[in-house]
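The values are calculated or read from the model by the stated rules, or taken from the named source; none is laboratory data. What you see is a predicted model, and the numbers here were worked out from it, not measured in a lab. All Cβ positions, glycine included, derive from the backbone under ideal geometry; neighbour counts span all protein chains shown.
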Amino acid sequence: MRQENTIRIIQDKILDLRTALFYDVSESVLHLPPTVVHTLDVDEAGQLWFVMTKPGQRVSEFDSTFPAQLNYFRKNTTHSMQVAGRGYIVRDPEELYNWMMLHPELPEIGEESILIKVTISKVEIQEWVAATSMLEKTIHTFLSWFNMLDSGKTVFEFQPVYYQSA
C-alpha cells in the first residue's frame, strides 16, 4: 500500500474517533499523566496534534521527547485503534505561533494547557462487523469463546515521510 493511502486511511480513522486515552510510556521518573485527549489534527507527515492540561509540575522539568501511546475507542463504531510513536512537548514559541497561524479555527492554547505532537510509528486498527440480529449476536458470542473469529486486526508499520529513502 502506498504511503499516501496509508496516511489518508489513518487520518480518516483517527478523525472519525477523535478522542483517545494518552499514555506517556517512558521509564523516566517524571512523566505526563494518562489523560483523555481530543485530537486536533493529523498532518501529512504522520503527526498527531492535541492539547492537554498542564501537569502540576513545571513543564520544563519533563523530558521534551518520550515514547507515547494513544488508544482510540468510541461506542457504536466498528473500529478502535492503538497508535504508538514518539511524543514531543511543543515548547518553542515559534512553533506554537506557526501552529496557531495554520489553525486559526481551533481554540488558543492557554496558560493551563500544553501542545503535544506525536509522530506516528505504529498503528493497529481493530475492525469488526456489528451484529444486527439476536441470532447473529449469539453466534458471534459462541464463536468468540473458541477464538474462531477473524479478529479484523490491521497493523500499519508507519515510516514518517522524512525518514524514507527514495
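How many residues does region 9-36 contain that are more than 16 Å from HIS79 (Cα to Cα) and of a type outside the set (Ser, Thr, Tyr)?
Summing the residues that are more than 16 Å from HIS79 (Cα to Cα) and of a type outside the set (Ser, Thr, Tyr) in region 9-36 gives 11.
State all residues of region 110-166 that are assigned to a strand (DSSP E or B), modelled with pLDDT under 80, of a type outside the set (A, V, I, L, M, F, W, C) and farther than 23 Å from THR65 by Cβ; if no residue qualifies, say none.
Matches in region 110-166: GLU127, LYS153, THR154.
If a residue has to be closer than 13 Å to THR119 by Cα and either among the acidic types (Asp, Glu) or touching a His at 6+ places or on another chain (Cβ under 8 Å) (or both) to count, how many in region 25-48 make the cut?
Residues in region 25-48 being closer than 13 Å to THR119 by Cα and either among the acidic types (Asp, Glu) or touching a His at 6+ places or on another chain (Cβ under 8 Å) (or both): 3 in total.
Of the residues that sit in region 1-44 and are of a type in the set (Ser, Thr, Tyr) and surrounded by 12 or more Cβ atoms within 10 Å (Cβ to Cβ), which one is farthest from ILE120 (Cα to Cα)?
So the residue we want is THR35.
Could you tell me whether any residue of region 86-104 is farther than 25 Å from VAL29 by Cβ, without any contact (Cβ under 8 Å) to a residue 12 or more places away in the chain and in a loop (DSSP other than H, G, I, E, B)?
Yes, the conditions are met somewhere in region 86-104.
Residue check: is ARG74 loosely packed, with under 14 Cβ neighbours inside 10 Å, touching a residue at least 12 places away in the same chain (Cβ under 8 Å) and in contact with a Ser or Thr (Cβ under 7 Å, 6 or more places away or on another chain)?
yes
Matching residues to (1) over 15 Å from GLY87 (Cα atoms); (2) in contact with a Leu (Cβ under 8 Å, 6 or more places away or on another chain); (3) not polar (S, T, N, Q):
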{"residue": "GLU27", "(1), (2), (3)": "no, no, yes"}
{"residue": "PRO33", "(1), (2), (3)": "no, no, yes"}
{"residue": "VAL37", "(1), (2), (3)": "no, yes, yes"}
{"residue": "GLU44", "(1), (2), (3)": "yes, no, yes"}
{"residue": "PHE50", "(1), (2), (3)": "no, yes, yes"}
{"residue": "GLY56", "(1), (2), (3)": "yes, no, yes"}
{"residue": "GLN69", "(1), (2), (3)": "no, no, no"}
{"residue": "LYS75", "(1), (2), (3)": "yes, no, yes"}
